[in-house]
Amino acid sequence: MSLPGLPLALPPGQLEALRAAYAQPPRAYHDFGHVGEVMRHYAIVAAGPGWRQPAEVALAVLYHDAVYIAGKGDNEARSAQLAVREIARWLPGAGIDAQRVAWLIELTARHGRHAPADFDADPAPDDVRNFLDCDMAILGAAPDVFDAYDQAIAQEYAGVLPAWLFRINRRRFLRGLLARERIYLGDFFHLRLEEKARRNLRRALGKQ
């Protein structure tokens, strides 16, 4: 799979290790296909408002779900740690701010709980907002694509949680998103996908 818009060349060994990480354990949604889709949105931002730290954001996209076990609370922290190690191993002279990459990844643990103003004091606030929005862009996808995502999440939790408990937790998460003043933190995604995302969420909640 190609990675659209990648602003730096990755050594082949790094890319192979990254693909291997996303293959373990087998995943229905948080796999390397998800990385490619988030990178597609990254490329759209790059062609539009742009990125102030394109390499750091791209690496955060690449590693943000590299460690993923459904139901675990430390996936993001472990993914961030892996990113720091791999940057040191494969890109030692590239001038990458690895701690910035790690911080962006760790923010994804709180999807649905950030507000746009949370990042006003950051040196590159739009980078942060648009990075998080890239990962949530699936909510504003076409209905059939959203439905496939919703079903894939359920598959990842099968055998991890009883089905009834998963449905309760999932409904709570979706309702929480719908109740927020804004789902998308940055204006770029808010203007393009907000209403589509809200329609998908209302429909999903109506089916459950």
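Per 5 Å bin, what is the whole-percent P(r) computed from every C-alpha pair distance within region 21-125? Spelled out bin by bin, region 21-125 gives 2, 12, 20, 24, 23, 13, 5, 1 percent. Sorting Trp51, Trp164 from the fewest to the most surrounding beta carbons within 10 angstrom yields Trp164, Trp51.
Note down the net charge around Pro123, summing +1 for each Lys or Arg and -1 for each Asp or Glu among other residues with Cβ under 12 Å from its Cβ.
Local charge sum for Pro123: -4.
Between Trp103 and Lys72, the modelled labels are 2.5 nm apart [label points 7 Å from Cα along Cα→Cβ]. Two decimals is fine: what is log10 I(q)/I(0) at q = 0.10, 0.11, 0.14, 0.18 Å⁻¹ for the chain, from a Debye sum with one equal scatterer on every Cα and no solvent? After summing over all Cα pairs, the log10 values are -0.42, -0.51, -0.84, -1.41. Between Leu165, Ala102, Tyr149, the Cα set farthest toward the positive side of the dipole of the chain (charges on each charged residue's Cβ, about the Cα centre) is that of Leu165.
With a Förster radius of 25 Å, plug the Cβ-Cβ distance of Ala94 and Arg40 into 1/(1 + (r/R0)^6) and report the FRET value to the nearest 0.05. Write down the numbers at each step before the final one.
Numbers: r = 23 Å, r/R0 = 0.93.
The value I calculate is 0.60.
Taking 7 Å steps out from each Cα toward its Cβ at Ala17 and Ala154 produces label points 3.8 nm apart. Once the Cβ-Cβ distance between Arg52 and Glu194 is put in as r, and R0 is 25 Å, what FRET efficiency do you end up with, to the nearest 0.05? Once rounded, the FRET efficiency stands at 0.60.
Here the 3J(HN,Hα) profile of region 101-109, calculated from phi with Karplus coefficients 6.51, -1.76 and 1.60 at θ = phi - 60°, is 4, 4, 5, 4, 4, 5, 4, 5, 5 Hz, Gly and Pro shown as x.
Ignoring everything except DSSP H segments at least 4 long, calculate the 222 nm mean residue ellipticity for the chain; use -39,500 (n - 2.57) per segment, divide by total residues, nearest 500.
Values: 9 runs with 128 residues, N = 208.
One gets -20000 deg cm²/dmol as the mean residue ellipticity at 222 nm.
Compared with the rule-of-thumb size 2.2 N^0.38 Å for a compact globular protein, region 90-208 has a Cα radius of gyration ratio of 1.20. Using 0.36 nm per residue and subtracting the Cα-Cα separation, the extra length available between Arg110 and Leu8 on full extension is 34.0 nm.
Only the coordinates and a few stated rules stand behind these numbers; no lab work does. Source: prediction; values computed, not measured. Glycine also receives a Cβ, built like all others from the backbone with ideal geometry; neighbour counts cover every protein chain displayed.
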